[in-house]
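Have a look at the structure below before the remarks.
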Amino acid sequence: MAQPTFETILYDVADGVATITLNRPDRMNAFTAQMMLDMIAAFDATDADDAVKVVIVTGAGRAFCAGADLGSGGATFDYAKRGEEAREEAKVGDVYRDGGGRLTLRIFESLKPVIAAVNGAAVGIGVTMQLAMDIRLASTAARFGFVFARRGITPEAASSWFLPRLVGMQQALEWCYTGRVFPAQEALDGRLVRSLHEPDDLLPAAMALAREIADNTAPVSLALTRQMMWRMAGADHPMDAHRADSRAIMFRGAAGDAKEGVTAFLEKRQPSYPNKVSSDLPDIWPFWEQPEFR
């Protein structure tokens, strides 16, 4: 499959791993409407490409993403004052929607595991976009900030749903109430990130984790596992999980991947899973109302 090109990000697929690099280094990878569209399209591409087993997201230069591009000054967050083009970019149908939320909801729906390699400053949408990713590794040089109250706005990108689930309500509120920028060690202590790495070691560590996943696990099983974990984070009762589990085990147990996984284990060899996400992903959500838009 030909690799797509984008205006604000770099996209590369090699040996089963797609790397999405935010690529506005002269602006510290500040987030724009075009970056939102590019990233959504990139996740459409990773889902459609069976060669992609894992996705890594990182930033070019010294920042991961320094937040929204503030080039419009005081009108940055005011659709009414940013002109017709900006208003139309923010609309889905007749409704104005937060661009960060459109991105995180798309990441939430990803069929491939997503690893964040946070190489530098991650502020505002630069940190909230990570919350829908699965595993976050950070450079010791990284900095984080939920700075919204210091800019006169509120948390966005569905972070009021994601953040307390990841770090707990008390920690989520402290970071959002103060709006301060904090170092990577505090992000680790607060369970926002999984591990810290020296700058030159960050991408190799992320790639090693991606390789462990890509080389040993069945892609269809990963797609189902990811959606089961994320969707059940908001379930009202474990019976919802039991229904999903039961259907997933029924479908997967009869699939070629299950035979191959067991046989490879018994024969002490690397598995070669035959099923593909693009064609063999079962629908285990008959009770789940699918989102109407991304």
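Things to note:
Per-residue answers, yes or no, for (1) of a type in the set (Gly, Ala, Ser); (2) under 17 Å from Ala122 (Cα atoms); (3) modelled with pLDDT of 95 or more:
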| residue | (1), (2), (3) |
| --- | --- |
| Trp161 | no, no, yes |
| Pro164 | no, no, yes |
| Gln170 | no, no, yes |
| Leu173 | no, no, yes |
| Leu192 | no, yes, yes |
| Ser195 | yes, yes, yes |
| Glu198 | no, yes, yes |
| Met207 | no, no, yes |
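- Of all the criteria given as (1) part of a helix (DSSP H, G or I); (2) outside the structural domain of Arg97 (by TED's automatic domain parsing), the one not satisfied by Arg165 is (2).
- Qualifying residue in the stretch 34-51 (condition: closer than 14 Å to Ile107 by Cβ, under 17 Å from the mean Cα position of the chain (by Cα) and not in a helix (DSSP H, G or I)): no
- Candidate set: the stretch 259-280, residues that are in contact with a helix residue (DSSP H, G or I) (Cβ under 6 Å, 6 or more places away or on another chain) and touching a residue at least 60 places away in the same chain (Cβ under 8 Å); chosen: the one nearest to Arg231 (Cα to Cα): Val277
- Odd one out for Ala218, checked against (1) within 25 Å of Asp50 (Cα to Cα); (2) in contact with a strand residue (DSSP E or B) (Cβ under 9 Å, 6 or more places away or on another chain); (3) not aromatic (Phe, Trp, Tyr): (2)
- Top-ranked residue of the stretch 194-223 - restricted to ones that are within 20 Å of Ala141 (Cα to Cα), touching a residue at least 60 places away in the same chain (Cβ under 8 Å) and among the small types (Gly, Ala, Ser), ranked as surrounded by the fewest Cβ atoms within 10 Å (Cβ to Cβ): Ala205
- Tallying residues that are assigned to a helix (DSSP H, G or I) and of a type in the set (Gly, Ala, Ser) within the stretch 221-260 yields 9.
The values are calculated or read from the model by the stated rules, or taken from the named source; none is laboratory data. Bear in mind that the values here come from a model prediction, so they are computed numbers and not experimental data. Every residue, glycine as well, gets a Cβ built from its backbone with ideal geometry; the counts of neighbours run over all protein chains shown.
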